[in-house]
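Have a look at the structure below, then the notes.
The values are calculated or read from the model by the stated rules, or taken from the named source; none is laboratory data. These numbers come from a predicted model, not from an experiment. Note: ideal-geometry Cβ built from the backbone for every residue, glycine included; neighbour counts use all protein chains shown. Ligands, DNA and RNA are excluded from the accessible area calculation, which covers all protein heavy atoms including side chains. Shrake-Rupley method; radii C 1.70, N 1.55, O 1.52, S 1.80 Å.
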Amino acid sequence: MRIERIELHTIGMPLVRPFETSFGRQTEREVLLAHVVADGVDGWGECVAGTTPDYSSEYVAGCAAVIERFLAPALLAALDVTADGLDALFRGVIGHRMAKATLEAAVLDAETRAAGISFGERLGAVRDRVECGVSVGISPDLDTLLAEVDGYVEAGYRRIKLKIKPGWDIEPVARVRELIGTLPLQVDANTAYTLDHVEHLRRLDEYGLLLIEQPFVEEDIAAHVLLADSIDTPVCLDESITSTGIAIDAIERGATSIVNIKPGRVGGYLEAVSIHDACRALDVPVWCGGMLETGVGRAMNVALAALPGFALPGDTSASSRYFAEDLTEPFVLDDGYLDVPTGPGSGVEIRRDLVERWALAEPRVLVRP
Ligand code: NPQ
Ligand code: MG
């Protein structure tokens, strides 16, 4: 394909409730969207970066800048763009995986729409629906937490994930376990602990958790190996896993026995599939993480989560978990599952009126020189 035009939109979407993690509290989701027009076909990609560089070093305005200055010019200058060729096209830019993933998603969307195939078909999906979990933020108090969890259980979610941090861990886990009985439960620390907490974290073993996600800083694979050796609860890496090579290394060193795959964090859906394939070859189960995506990113994540190695429910929640109104047709839970879209491309249509209504700035329009 030849890319004719790239538009960057930044929008703000109110969250149905504040979402608090060990690194911060969100009340609104700022979202960067890339819209490519290629041979008359539209493609949309969503950037998973947040407003501030707290989950990772990337953030919305930084992604927009690196796209505008470096990635989009490379894309617009190329004579024949394919999703498979983007890795080579973007090789001159180190890192900035979330920015690269945004354009990759848009190109994949355009490519699959032009070919008349779905995202699921393109990536290798083998299921027509996926099992869904939900990520529950840190609450002001235990009663509020229990009420929120109870609502998700009622809604049909098949797995609960609690955000934890020092001072908000054993007791919330104990109380939620008591509330939900044998429903699968896991925790996510978003790097809030240090090796000094190993003995404390061992107390989680009592609650039959599926896994503990990213207890330590992303660079410290060795610390995760130490924890994995002294705790029964499986250790699962999120922030640390930024490529297939790092995933294989972390698995071989014993730092992670389950892997959270987020396409944005690893540079795109094709790298996500590559990590899936590598984990499958090593018999390591994977699951699809979530980054408070709108329907655009959610549709693609649901397609990815339908690949055979995605053995655990993902953070692929319903639209209503985060938004009163989604940017696309809403994803609605059916018996704890979401259907994999079957239409061409991502299979969802973006509501252009909402992109306009929720715009935080004028769109940036980039064209071939
Ligand atoms: C995680 N997501 O698994 C992330 C963390 C996270 C669903 O728990 C803005 C941008 C807000 C990215 C909040 C879930 C975010 C964000 C949380 C990522 O670690
Ligand atoms: Mg996580």
Please tell me if Pro313 is farther than 25 Å from Glu58 by Cα and either without any contact (Cβ under 8 Å) to a residue 12 or more places away in the chain or buried (at least 24 other Cβ atoms within 10 Å of the Cβ) (or both).
-> yes
If you take the residues in the range 170-201 that are within 14 Å of ligand 1 (Cβ to nearest atom) and in contact (Cβ under 8 Å) with a residue 40 or more places away in the chain, which one is nearest to Pro313 (Cα to Cα)?
-> Gln186
Considering only residues of the range 171-197 that are farther than 18 Å from Glu148 by Cβ and open to solvent by 20 Å² or more (accessible area, probe 1.4 Å), which is farthest from ligand 2 (Cβ to nearest atom)?
-> Thr182
Would you kindly identify the strands (runs of 3 or more DSSP E) lying entirely within the range 1-101 that contain at least 1 residues that are farther than 30 Å from Ile117 by Cβ?
-> 3-21, 24-38
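Is it true that some residue in the range 202-217 is within 16 Å of ligand 1 (Cβ to nearest atom), open to solvent by 10 Å² or more (accessible area, probe 1.4 Å) and touching a residue at least 40 places away in the same chain (Cβ under 8 Å)?
Applying the first criterion (within 16 Å of ligand 1 (Cβ to nearest atom)) to the range 202-217 yields 209-217.
Narrowing further to those that are open to solvent by 10 Å² or more (accessible area, probe 1.4 Å): 209-210, 217.
In the following step, the residues that additionally are touching a residue at least 40 places away in the same chain (Cβ under 8 Å) were identified as 210.
So far as the range 202-217 goes, yes, one or more of its residues are within 16 Å of ligand 1 (Cβ to nearest atom), open to solvent by 10 Å² or more (accessible area, probe 1.4 Å) and touching a residue at least 40 places away in the same chain (Cβ under 8 Å).
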Within the range 28-50, how many residues are away from ligand 2 (no atom under 16 Å from the Cβ) and within 22 Å of Val93 (Cβ to Cβ)?
-> 12
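If you scan the range 279-292, which residues turn out to be away from ligand 1 (no atom under 11 Å from the Cβ) and surrounded by fewer than 24 Cβ atoms within 10 Å (Cβ to Cβ)? I'd like the intermediate steps shown before the answer.
Step one: list which residues in the range 279-292 are away from ligand 1 (no atom under 11 Å from the Cβ), which gives 279-286.
Arg280, Ala281, Leu282, Asp283, Val284, Pro285, listed by residue number.
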Just wondering, is there one or more residues in the range 139-152 that are farther than 25 Å from Val48 by Cβ, within 16 Å of ligand 2 (Cβ to nearest atom) and within 24 Å of the chain's Cα centre (by Cα)?
-> no
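Of the residues in the range 346-368, how many are among the acidic types (Asp, Glu) and part of a strand (DSSP E or B)? Write out each step before concluding.
First pass over the range 346-368, keeping only residues among the acidic types (Asp, Glu): 349, 353, 356, 362.
From what's left, part of a strand (DSSP E or B): none.
Residues that pass the stated criteria total 0.
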Does at least one position in the range 76-85 carry a residue that is modelled with pLDDT of 95 or more, under 17 Å from Ser346 (Cβ atoms) and more than 16 Å from ligand 2 (Cβ to nearest atom)?
-> yes
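Being under 23 Å from Arg2 (Cα atoms) and hydrophobic (A, V, I, L, M, F, W, C) is the filter here; which residues of the range 21-62 pass it? Spell out the reasoning first.
Let us first name the residues in the range 21-62 that are under 23 Å from Arg2 (Cα atoms), namely 32-47.
The answer is Leu32, Leu33, Ala34, Val36, Val37, Ala38, Val41, Trp44, Cys47.
Out of Ala49, Ala64, report the one residue that is open to solvent by 10 Å² or more (accessible area, probe 1.4 Å), at pLDDT 95 or above and under 30 Å from Ala189 (Cβ atoms). Break it down stepwise before answering.
Working: Ala49 fails: open to solvent by 10 Å² or more (accessible area, probe 1.4 Å).
Just a single option satisfies the conditions, and that option is Ala64.
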Out of (1) in contact with a Cys (Cβ under 6 Å, 6 or more places away or on another chain); (2) more than 15 Å from ligand 1 (Cβ to nearest atom), the one Gly295 does not meet is (1)
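Within the range 341-369, count every residue that is β-branched (Val, Ile, Thr) and touching a Lys or Arg at 6+ places or on another chain (Cβ under 6 Å). Quick ask: steps written out before the conclusion?
So in the range 341-369, the residues β-branched (Val, Ile, Thr) come out as 342, 348, 350, 355, 365, 367.
So of that shortlist, the ones also touching a Lys or Arg at 6+ places or on another chain (Cβ under 6 Å) come out as 367.
Residues that pass the stated criteria total 1.
Only residues that are open to solvent by 90 Å² or more (accessible area, probe 1.4 Å) and more than 13 Å from His35 (Cβ to Cβ): list them for the range 331-369, please. Let's see the steps before the verdict.
Residues of the range 331-369 that are open to solvent by 90 Å² or more (accessible area, probe 1.4 Å), as a first pass: 332, 334-335, 339, 342, 349, 352, 356-357, 360, 362, 364, 369.
Answer for the range 331-369, where residues must be open to solvent by 90 Å² or more (accessible area, probe 1.4 Å) and more than 13 Å from His35 (Cβ to Cβ): Val332, Asp334, Asp335, Asp339, Thr342, Arg357, Leu360, Glu362, Pro369.
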Of the residues that sit in the range 112-169 and are within 16 Å of ligand 1 (Cβ to nearest atom) and of a type in the set (Gly, Ala, Ser), which one is farthest from Phe19 (Cα to Cα)?
-> Ala155
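Scan the range 1-47 residue by residue and report those that are within 13 Å of ligand 1 (Cβ to nearest atom) and at positive phi. Step through it out loud before you land on a result.
Quick first cut of the range 1-47, residues within 13 Å of ligand 1 (Cβ to nearest atom) only: 12-13, 15, 17-32, 46-47.
The answer is Gly24, and nothing else.
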Within the range 9-27, is there a residue that is surrounded by 21 or more Cβ atoms within 10 Å (Cβ to Cβ), in contact (Cβ under 8 Å) with a residue 40 or more places away in the chain, within 16 Å of ligand 2 (Cβ to nearest atom) and not small (Gly, Ala, Ser)?
-> no
Could you list, in sequence order, the residues of the range 153-170 that are crowded, with 16+ Cβ neighbours inside 10 Å and either of a type in the set (Ser, Thr, Tyr) or more than 25 Å from the chain's Cα centre (by Cα) (or both)?
-> Tyr157
Taking the range 280-316, which residues are touching a helix residue (DSSP H, G or I) at 6+ places or on another chain (Cβ under 9 Å) and of a type in the set (D, E, K, R)?
-> Glu293, Arg298, Asp315
